[in-house]
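J.: Got a structure for you, questions after.
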Amino acid sequence: MDNCALNGFLAPAQRARLLEAVNKRCSVRAFSEGPNVAAKSALQYAAGRLTLPGVRILVEEAAPEKLYRALPMVGRIKGTKTYAALIVDDSISRAPLYAGICGEAFVLEAVSLGLGTCWVGSFKESGVEHLLLKEGERVAAVIALGMPAQEYQRRKRKPLSKICVGDPASWPLWAYHAAECVRYAPSALNRQPWRLGYAGRTLVLEKAGMGSGIDLGIALLHMSLGVGDKPHVIRWGQGKEIASILAEDRSL
Ligand SMILES: Cc1cc2nc3c(=O)[nH]c(=O)nc-3n(C[C@H](O)[C@H](O)[C@H](O)COP(=O)(O)O)c2cc1C
């Protein structure tokens, strides 16, 4: 199994900051205004640093009606022009997983700046055609960014018993926390296309049902943040198995 590029990707202080943001994040679709100048430069800085092979993030502006579709139930995102474009080069192995990792780390950085965010996979292509892409690149998703004009609202999630194989209450605390953290990860259409299992000091993340590489990269970032400051190693898996985390477990 290959070593995962997520090992050492984030500094300890950044991991703690992003973990705290997990519980504050929800999708925001109504904004009062875009990020102020200070927040925007912090976002540019985060976008420049959060890169993995085949992925880059650009902070841009576009009129919401040009970029977002009006969707049933949720309507159209409104009130901010600022967005991040998540650009992927599919010729790089695992680029969509890397995009999920980088994009969600960026989202959690934005949340820790007090901003609201929303991942958007169903954006209008015409809204991003001003971006300069290199050969082989595409915009995989965009992320709306701005000051929230709505209350925090946690979306429903599957219970742990539905996303875990076996009883997570019998797992060591770090594995239980990591599973809880995956549970609150965002996913397209809130599908939560993942399954977790624990055996031999190792927590495994698997794909379950219809889900994109981005959804699974997001889940993997959450899983790694949920381990907290316990030393651990992440390894890529094969087939349905996306990755696993092996952590020192003195309670066994
Ligand atoms: C890859 C991805 C694509 C998404 N695409 C859209 C979208 O096109 N439009 C939208 O309104 N929300 C979109 N979402 C937001 C999800 O609907 C939302 O994350 C999910 O319902 C869970 O709600 P929460 O983010 O409030 O926890 C997307 C989320 C992800 C992760």
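J.: Two-decimal Rg/Rh of the chain from alpha-carbon positions, Kirkwood Rh?
T.: Rounded to two decimals, Rg over Rh is 0.96.
J.: Same structure again: Kindly put Met223, Met73 in sequence by how many other C-beta atoms sit within 10 Å of each C-beta, fewest to most.
T.: Ordered by Cβ neighbours within 10 Å, fewest first: Met73, Met223.
J.: Met223: net charge of surrounding residues, Cβ under 14 Å, Lys/Arg +1, Asp/Glu -1, itself excluded?
T.: With Lys, Arg at +1 and Asp, Glu at -1, the neighbours total +1.
J.: Oh, and also: Just how far, in whole angstrom, is segment 183-252 from segment 110-129 if you go by their alpha carbon centroids?
T.: 24
J.: Can you tell me how much longer the chain between Glu65 and Ala11 gets when fully stretched, taken as 0.36 nm per residue apart minus their C-alpha distance, in nm with one decimal?
T.: 15.7 nm
J.: Taking a 20 Å limit on the Cα-Cα distance, which of the listed pairs Lys162/Lys240; Lys66/Lys156; Lys124/Lys240 fall beyond it?
T.: Exceeds cut-off: Lys66/Lys156; Lys124/Lys240.
J.: Sort 148-156, 212-220 for me by packing, meaning the mean count of neighbouring Cβ atoms within 10 Å per residue, highest on top.
T.: So the peptides 148-156, 212-220, ranked by packing, come out 212-220, 148-156.
J.: All other residues with a Cβ under 13 Å from the Cβ of Arg56 taken together, and with Lys, Arg as +1 and Asp, Glu as -1, what is their net charge?
T.: Counting the neighbours of Arg56, the net charge comes to 0.
J.: Once the dipole of the chain is set up with Lys and Arg at +1 and Asp and Glu at -1 on Cβ about the Cα centre, which of Leu246, Val165, Gly116 lies farthest towards its positive end?
T.: Val165
J.: Highest first, please rank the peptides 131-143, 174-186 by the mean number of other Cβ atoms sitting within 10 Å of their residues.
T.: 174-186, 131-143
J.: Sequence neighbours fewer than 8 away in the same chain don't count; with that in mind, list the lysines whose C-alpha is under 19 Å from Lys158.
T.: Lys24, Lys207
J.: Here is a follow-up. Quick one: of the DSSP bridges fully inside the chain, what percent are antiparallel, nearest 5?
T.: 90
J.: Rounded to the nearest 0.05, what FRET efficiency is calculated for Glu129 and Arg155 with R0 set to 41 Å and r the Cβ-Cβ distance?
T.: So the FRET efficiency works out to roughly 0.85.
J.: Considering only DSSP states other than H, G, I, E and B, which trypsin sites (Lys or Arg not before Pro) in segment 1-70 qualify as loop sites with at most 12 other Cβ atoms within 10 Å?
T.: Hits after loop and neighbour filter: Lys24.
Each value in this text was obtained by applying a stated rule to the coordinates, not by laboratory testing. In this text, all values refer to a predicted model and were calculated from it rather than measured experimentally. Quick reminder, even Gly has a Cβ in these numbers, built from the backbone with ideal geometry, and neighbours come from all protein chains shown.
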